[in-house]
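The values are calculated or read from the model by the stated rules, or taken from the named source; none is laboratory data. Source: prediction; values computed, not measured. Because the Cβ atoms are built from the backbone with ideal geometry, glycine has one as well, and the counts that use them run over all protein chains shown. We work out accessible area using only protein heavy atoms, side chains counted, and drop any ligands, DNA or RNA first. Shrake-Rupley method; radii C 1.70, N 1.55, O 1.52, S 1.80 Å.
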Amino acid sequence: MEVIIQPNHHQIASIAANIIRDAILKKPNLVLGLATGSTPIELYKILVRMHRDDGLDFSDVTTFNLDEYVGIPLDHPQSYHTFMAHHFFDHVNIPKANQHIPQNISDNHEEFCASYEEKIVCAGGIDIQILGIGTDGHIGFNEVSSSLASRTRIVTLSQSTLEANAIHFNCDVNAVPQMALTMGIATIMEAKKCLLLACGTSKSQAIAKAIEGPITSMVPASILQMHPNTVTIIDEAASSMLSEVEYYNRSYANMLSL
Ligand code: PGA
């Protein structure tokens, strides 16, 4: 796994945005897997600026979001539909028909989840999947103990996720939806490239376990060790519990000098 350590959040987001821009320039009909949460907000800001100032064209791009809460309306201020519109979709030219976010439109979650997987396959598979990481090592809403072979499905959120996300619900943990739809771990693993982003000391333990610990469903992100093309881009605070920092830095410097 390639590990890139940067001084701050903006530099992480810039590197991720440049990777995505170069991929769109090479393949205008890129299929992007998108994440929500505080980590990718700066990345979306930079992509919006690239669209507005440099004419980066998203008109052929297709997107699939990782997850969405179940039990709140799609237009709820904290829904991931609202998040994506606010931070990204309202500011770039991705056709609405190309934007996909899991949504709880009927009680038949299984049918919806199967059709979401099918749409990803029909689009040609995800070229680049953006990922954040939970303090417990989750990716998407694949909580600790999720099957490493899981596919898109409905899940119950862990107490640590409910507590982490309460900040968006007036700090009321009881207001956070208990359930969500999420791409599975096997779904994520089929992406051709994964960009795992993390900032801050609160992520340092999860990052150390994910990158240098054993592969286990108790740290869902650790499965990325088995992914042939994952780039982890983190700040110094998030890297503080890694043991191989010198190697990652030297390896990145060598890649830059090629
Ligand atoms: P964050 O969330 O970007 O808000 O830290 C990441 C996650 O929980 O997956």
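Within region 27-45, the set of residues being away from the ligand (no atom under 16 Å from the Cβ) and either in contact with a helix residue (DSSP H, G or I) (Cβ under 7 Å, 6 or more places away or on another chain) or among the aliphatic types (A, V, I, L, M) (or both) comprises Leu30, Val31, Leu32. Scanning region 86-111 for residues that are open to solvent by less than 30 Å² (accessible area, probe 1.4 Å) and either more than 16 Å from the ligand (Cβ to nearest atom) or within 23 Å of Ile46 (Cβ to Cβ) (or both) returns Phe88, Phe89, Val92, Ile94, Ile101.
When only residues in region 11-37 that are in contact (Cβ under 8 Å) with a residue 60 or more places away in the chain and of a type in the set (Gly, Ala, Ser) count, which is surrounded by the most Cβ atoms within 10 Å (Cβ to Cβ)? Filtering first and then ranking leaves Gly33.
Is at least one residue of region 118-127 more than 16 Å from the ligand (Cβ to nearest atom), open to solvent by less than 10 Å² (accessible area, probe 1.4 Å) and in contact (Cβ under 8 Å) with a residue 60 or more places away in the chain?
Start the filter on region 118-127 by keeping residues that are more than 16 Å from the ligand (Cβ to nearest atom), which leaves 118-127.
If we keep only those that are open to solvent by less than 10 Å² (accessible area, probe 1.4 Å) too, we end up with 126.
Filter once more, so that each one left must be in contact (Cβ under 8 Å) with a residue 60 or more places away in the chain: 126.
Checked against the condition, which is being more than 16 Å from the ligand (Cβ to nearest atom), open to solvent by less than 10 Å² (accessible area, probe 1.4 Å) and in contact (Cβ under 8 Å) with a residue 60 or more places away in the chain, region 118-127 yields at least one hit.
Return a yes/no flag: does region 75-85 have any residue that is more than 14 Å from the ligand (Cβ to nearest atom), surrounded by fewer than 17 Cβ atoms within 10 Å (Cβ to Cβ) and under 20 Å from His9 (Cα atoms). Scanning region 75-85 turns up no residue that is more than 14 Å from the ligand (Cβ to nearest atom), surrounded by fewer than 17 Cβ atoms within 10 Å (Cβ to Cβ) and under 20 Å from His9 (Cα atoms). Looking for whichever is without any contact (Cβ under 8 Å) to a residue 12 or more places away in the chain and either surrounded by fewer than 17 Cβ atoms within 10 Å (Cβ to Cβ) or within 16 Å of the ligand (Cβ to nearest atom) (or both) here; the options are Gly71, Gly55. Which one fits? Exactly one of Gly71, Gly55 is without any contact (Cβ under 8 Å) to a residue 12 or more places away in the chain and either surrounded by fewer than 17 Cβ atoms within 10 Å (Cβ to Cβ) or within 16 Å of the ligand (Cβ to nearest atom) (or both), namely Gly55. Scanning region 74-88 for residues that are in contact with a strand residue (DSSP E or B) (Cβ under 8 Å, 6 or more places away or on another chain), free of Cβ contacts under 8 Å to residues at least 12 places away in the same chain and assigned to a helix (DSSP H, G or I) yields a total of 0. Entry remark, region 220-258: residues being in a helix (DSSP H, G or I), touching a residue at least 12 places away in the same chain (Cβ under 8 Å) and out of contact with any His (no Cβ under 6 Å at 6 or more places or on another chain) number 12 in total.
Being in a helix (DSSP H, G or I), open to solvent by 10 Å² or more (accessible area, probe 1.4 Å) and within 19 Å of Ser150 (Cα to Cα) is a description that applies to Ala186.
If you go through region 128-167 and keep only what is touching a Cys at 6+ places or on another chain (Cβ under 8 Å) and modelled with pLDDT under 95, you end up with nothing. Filtered by the rule that a residue be within 9 Å of the ligand (Cβ to nearest atom), open to solvent by less than 40 Å² (accessible area, probe 1.4 Å) and in contact with a Lys or Arg (Cβ under 8 Å, 6 or more places away or on another chain), region 129-159 gives a lone residue, Ile133. Quick one: is Ala164 more than 12 Å from the ligand (Cβ to nearest atom) and either part of a helix (DSSP H, G or I) or under 15 Å from the mean Cα position of the chain (by Cα) (or both)? When the stated conditions are applied, Ala164 does not pass them.
For region 241-250, does any single residue satisfy the condition of being open to solvent by 40 Å² or more (accessible area, probe 1.4 Å), touching a helix residue (DSSP H, G or I) at 6+ places or on another chain (Cβ under 8 Å), over 23 Å from Pro102 (Cα atoms) and among the basic types (Lys, Arg)? No: region 241-250 contains no residue that is open to solvent by 40 Å² or more (accessible area, probe 1.4 Å), touching a helix residue (DSSP H, G or I) at 6+ places or on another chain (Cβ under 8 Å), over 23 Å from Pro102 (Cα atoms) and among the basic types (Lys, Arg). Identify the residue in region 192-220 that is more than 15 Å from the ligand (Cβ to nearest atom) and closer than 14 Å to Thr232 by Cβ and, among all such residues, is surrounded by the most Cβ atoms within 10 Å (Cβ to Cβ). That would be Ile211.
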